[in-house]
Every structure is written in structure tokens, then in C-alpha cells.
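For reference, the structure discussed in these notes is given below.
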Amino acid sequence: MALDLDPHRVEAGKTYPNIGIYSFGRGTFGKPAIDAAETSASTLYRVRVGQIIYSRLFAFEGAYTSVPAEHDGAFVSNEFPTFTVDAAKADPAFIGWLFRRSDTWLRLRAGAVGMGDRRQRVHPERILEHRFSLPPLPEQRQIVARLEATAAAVAARAEQAAVVEGDVVAMLAAAFARLTADAPRAPMSDVAPLVRRPVTIDPDATYPELGARSFGRGLFTKPDVIGADVTWQSLYRIEAGDLVFSNIKAWEGAFAVAGVEHAGKHGSHRYLTCVPDPDRATAGYLWYYLQSESGMLSINEASPGSADRNRTLATKRLAAIKVPVPPLDAQRWFDTLQAKAQAARQAQADAATELAALLPAMLDEAFGELT
């Protein structure tokens with residue numbers, strides 16, 4: 001293949017369709033068009049379908065691909081060199097797949113220049129110097145057909161997973177709406193009051209610590225804290241079934257239900273724990289409500305301030321949030337529904353992960369003996 005650039009001077013009054021390249025061999029993506037009035041570039045470069053293109057800046061992490069038909073004619077900056085494959089010797093799609101293999105771009109990275117792992121640029125000369133064994137064209141096309149069939153299956157699975165997720169979200173929302181339609185409301189202080197379990201710090205002891213991810217993505221384990229390193233902070237014990245709130249990120253959904261695997265671990269003074277009254281509410285039901293649009297509105301109203309992303313959840317305002325309280329049996333039924341939904345999501349995720357792992361394995365099988 002040969003370096004093949006198609007420069008065009010930027011003309012006033014024009015806009016130019018633009019693309020970017022995902023890292024790790026994941027293809028191209030559309031970007032907002034480049035407006036001549038807003039770009040400092042005097043020249044842009046048009047790309048054509050089938051060309052090999054890469055990002056000089058992100059080549060070190062696999063930003064290589066071939067230009068797909070939907071991005072034929074798009075424009076890029078000089079940071080995205082393009083190459084045209086000699087079709088008499090190689091199938092452009094075969095070369096495109098070669099560059100999606102991590103072993104290829106890791107070898108090219110070995111010749112990169114720059115400061116630090118994330119500032120290493122790969123120059124076109126380095127790519128043109130890369131050597132590998134090229135099988136006959138018919139064999140190349142057979143390999144491409146197998147890889148593209150697998151890629152299509154992976155994409156179909158991802159689309160199916162998105163459909164299932166949409167159905168699960170809609171099903172839960174509809175069930176919750178029926179459940180709470182006529183339910184009375186009560187303040188959090190009644191159904192899940194704030195309970196804090198302060199820990200007396202032993203300088204010689206080690207304390208496993210937890211944090212809460214934003215957007216309702218659960219709890220995570222932090223590095224253990226050594227007692228001697230705890231100075232001005234305070235630690236509080238967490239038990240299974242607690243509703244654990246980050247008091248500075250709750251406004252963006254950083255709260256979760258502690259599981260049995262979290263029992264006995266600790267949260268800093270930045271974490272609040274509410275314990276549901278077992279005769280009034282379940283933790284899973286309350287979590288779902290508080291993560292809903294209506295619940296997050298209440299959490300946001302209870303989290304005043306606008307300092308960057310830190311908005312403190314006020315304990316008195318949290319206690320005053322009124323939540324719908326349907327019969328306990330109905331809440332437990334909804335928790336069962338949530339558990340089934342989570343199982344369906346996990347099954348989809350496991351299947352997608354297993355299928356996605358096929359592509360790297362097939363790339364190694366197809367190209368392993370060629371490089």
C-alpha cells in the first residue's frame with residue numbers, strides 16, 4: 001500500500017463532513033462537520049472507502065481502521081494519514097482487519113516517537129516499513145468473509161441486548177407505576193431513617209472501605225485504610241441492606257444498596273447510610289424509586305450548592321423526602337421482578353462478552369502465522 005493523501009484547501013462558507021477513529025481497532029465514527037469559519041486548518045484531507053486510515057496521536061492504542069462506505073468522502077486533518085492498498089496484491093478489507101489486531105499496532109508502537117506512552121506518534125514511514133506474510137488473494141477473501149460474518153453476529157447481539165434492555169426498563173417502569181399509583185407517601189425519616197455506626201479507630205487495624213459509583217452503578221471497594229493513617233476523617237460501618245449515599249455525588253445517582261459482600265466494610269464521613277424499617281419498606285424498592293426521575297428530582301432538591309460536581313446531600317432534607325409506600329408484599333414482589341430483570345441483563349452481557357471474545361481469537365488465528 002502507499003501513502004495517498006487528497007488535500008483540499010478550506011474554502012470560506014463551506015462545511016466539511018468529518019470523522020474520527022475509535023481506539024483499539026473499533027472503526028470510525030461521525031463527528032460534527034468542520035465549519036470553515038471555525039477551523040484554524042487551511043487544508044483538510046478527503047478520505048475514500050477502503051483506504052487504511054489511522055490517528056498519529058492515538059496509534060499507540062490501536063486507532064487504525066479502513067474507511068467504511070458510509071464515511072466515503074469525509075474530511076480529516078493532517079493527523080489522520082491515509083493509505084491506498086494495491087488491490088492487485090491485497091484485499092483492502094484484509095489489510096483493514098490486519099490493523100484491527102492488537103499485535104499489529106503494538107508492534108508499530110514499538111517504533112513510535114514522543115514523550116510518554118500517551119504522546120507517542122507513529123509516522124507513516126513506520127507503517128509502510130511493517131512486514132508480514134501475505135497469503136494469496138482468494139485466501140485473503142475467505143478470511144475476510146469469516147471475520148465479517150462474526151463481526152455481524154457480534155453487532156446483532158449488541159442490538160438485541162439494547163432491545164432487551166429497553167424492554168426491561170419499560171417493564172419495570174410500568175410495574176412500578178401500577179404499584180405506586182395510589183400508595184400513600186411517608187418521609188424517609190419514617191421508612192428508612194439515617195443510621196450511622198461510628199468506628200473507634202485502632203491505629204494498628206486495617207479498615208476495608210467502600211465507595212458508590214454515580215448513575216446508580218453500585219458500590220465498589222476502595223483500598224484498605226490503615227488506622228494510623230486516619231487523622232481528621234471518620235469511618236462508619238456499613239451493613240447489608242443499608243442504602244448507602246455519597247453525600248457529595250448523590251445528586252448524580254451515587255447511592256446503592258449494600259449487599260452481604262459489603263457487610264462490615266466502611267464508608268468515610270462522606271457516606272450516609274439509611275436503614276429501611278423492615279415493616280415499612282425494602283431497600284431495593286426504595287433504591288428504585290430514588291433512582292427514578294421523580295426520586296432523583298427529590299435527591300437534587302436535597303443537594304444544594306453548585307461547586308463543580310460536589311453538591312452536598314443535606315441530611316435533614318434527605319430525611320424529609322417523601323416516598324410512596326405501597327404494601328410491603330407488593331414491594332417484595334417488585335424486588336423479585338428487579339432480580340429477574342438483573343438476571344436477564346447479566347445473561348445478555350455474558351453472551352455478548354463471550355461472542356465479542358471470538359473476534360480477537362479469530363484475528364490471532366487468521367494473522368498469527370503471517371506476522
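The values are calculated or read from the model by the stated rules, or taken from the named source; none is laboratory data. Predicted model, so just to flag it, every value in this text is computed and none were measured. Every residue, glycine as well, gets a Cβ built from its backbone with ideal geometry; the counts of neighbours run over all protein chains shown. Ligands, DNA and RNA are excluded from the accessible area calculation, which covers all protein heavy atoms including side chains. Shrake-Rupley method; radii C 1.70, N 1.55, O 1.52, S 1.80 Å.
General remarks:
- Filtered residues of the range 271-283 (kept if touching a strand residue (DSSP E or B) at 6+ places or on another chain (Cβ under 7 Å) and either hydroxyl-bearing (Ser, Thr, Tyr) or closer than 16 Å to Pro208 by Cβ (or both)): Tyr271, Thr273
- Taken over the range 333-371, the criterion of being over 30 Å from Leu98 (Cα atoms) and of a type in the set (A, V, I, L, M) is satisfied by Leu337, Ala339, Ala341, Ala343, Ala344, Ala347.
- Looking only at residues in the range 219-258 that are touching a residue at least 60 places away in the same chain (Cβ under 8 Å) and touching a Leu at 6+ places or on another chain (Cβ under 6 Å), the one that is farthest from Pro198 (Cα to Cα) is Ala250.
- Considering only residues in the range 28-45 that are surrounded by 17 or more Cβ atoms within 10 Å (Cβ to Cβ) and under 20 Å from Phe99 (Cβ atoms), the one that is modelled with the lowest pLDDT turns out to be Thr28.
- Note on the range 321-364: among residues that are farther than 18 Å from Pro278 by Cα and outside any helix (DSSP H, G or I), the one that is farthest from the chain's Cα centre (by Cα) is Ile321.
Here is a yes/no grid of residues against (1) at pLDDT below 90; (2) outside any helix (DSSP H, G or I); (3) of a type in the set (A, V, I, L, M); (4) under 28 Å from the mean Cα position of the chain (by Cα):
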{"position": "Ala153", "(1), (2), (3), (4)": "yes, no, yes, yes"}
{"position": "Glu165", "(1), (2), (3), (4)": "yes, no, no, yes"}
{"position": "Met171", "(1), (2), (3), (4)": "no, no, yes, yes"}
{"position": "Ala177", "(1), (2), (3), (4)": "no, no, yes, no"}
{"position": "Arg196", "(1), (2), (3), (4)": "no, yes, no, no"}
{"position": "Asp204", "(1), (2), (3), (4)": "no, yes, no, no"}
{"position": "Pro208", "(1), (2), (3), (4)": "no, yes, no, yes"}
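- For Ile299, the conditions (1) open to solvent by 20 Å² or more (accessible area, probe 1.4 Å); (2) under 21 Å from Ser189 (Cα atoms); (3) in a helix (DSSP H, G or I) all hold with the exception of (1).
- Single residue of Leu272, Leu313 found to be within 24 Å of Leu235 (Cβ to Cβ) and in a loop (DSSP other than H, G, I, E, B): Leu313
- Among residues of the range 332-359 that are farther than 11 Å from Ala161 by Cβ and touching a residue at least 24 places away in the same chain (Cβ under 8 Å), none has a Cβ under 9 angstrom from a residue that is open to solvent by less than 60 Å² (accessible area, probe 1.4 Å) and of a type in the set (D, E, K, R) at a sequence gap of 6+ or on a separate chain.
- Single condition Ala158 does not satisfy, out of (1) open to solvent by 40 Å² or more (accessible area, probe 1.4 Å); (2) touching a residue at least 60 places away in the same chain (Cβ under 8 Å); (3) out of contact with any helix residue (DSSP H, G or I) (no Cβ under 9 Å at 6 or more places or on another chain); (4) among the hydrophobic types (A, V, I, L, M, F, W, C): (3)
- Residue match in the range 30-42 (condition: within 29 Å of the chain's Cα centre (by Cα) and touching a residue at least 24 places away in the same chain (Cβ under 8 Å)): yes
- The residue list Thr150, Thr180 contains one member that is under 30 Å from Arg56 (Cβ atoms) and either open to solvent by less than 70 Å² (accessible area, probe 1.4 Å) or touching a residue at least 12 places away in the same chain (Cβ under 8 Å) (or both), which is Thr150.
- Residues located in the range 229-269, provided they are of a type outside the set (Val, Ile, Thr), part of a loop (DSSP other than H, G, I, E, B) and under 19 Å from Ala205 (Cβ atoms): Trp232, Gln233, Ser234, Glu239, Ala263, Gly264, Lys265, His269
- Any hit, the range 265-276, residues being modelled with pLDDT of 95 or more and open to solvent by 30 Å² or more (accessible area, probe 1.4 Å): yes
- Qualifying residues in the range 71-88 (those that are touching a residue at least 12 places away in the same chain (Cβ under 8 Å) and surrounded by fewer than 18 Cβ atoms within 10 Å (Cβ to Cβ)) - the one nearest to Arg100 (Cα to Cα): Thr84
- Members of the range 277-296 that are open to solvent by 70 Å² or more (accessible area, probe 1.4 Å) and either more than 28 Å from Ala170 (Cβ to Cβ) or not in a helix (DSSP H, G or I) (or both): Pro278, Asp279, Arg280
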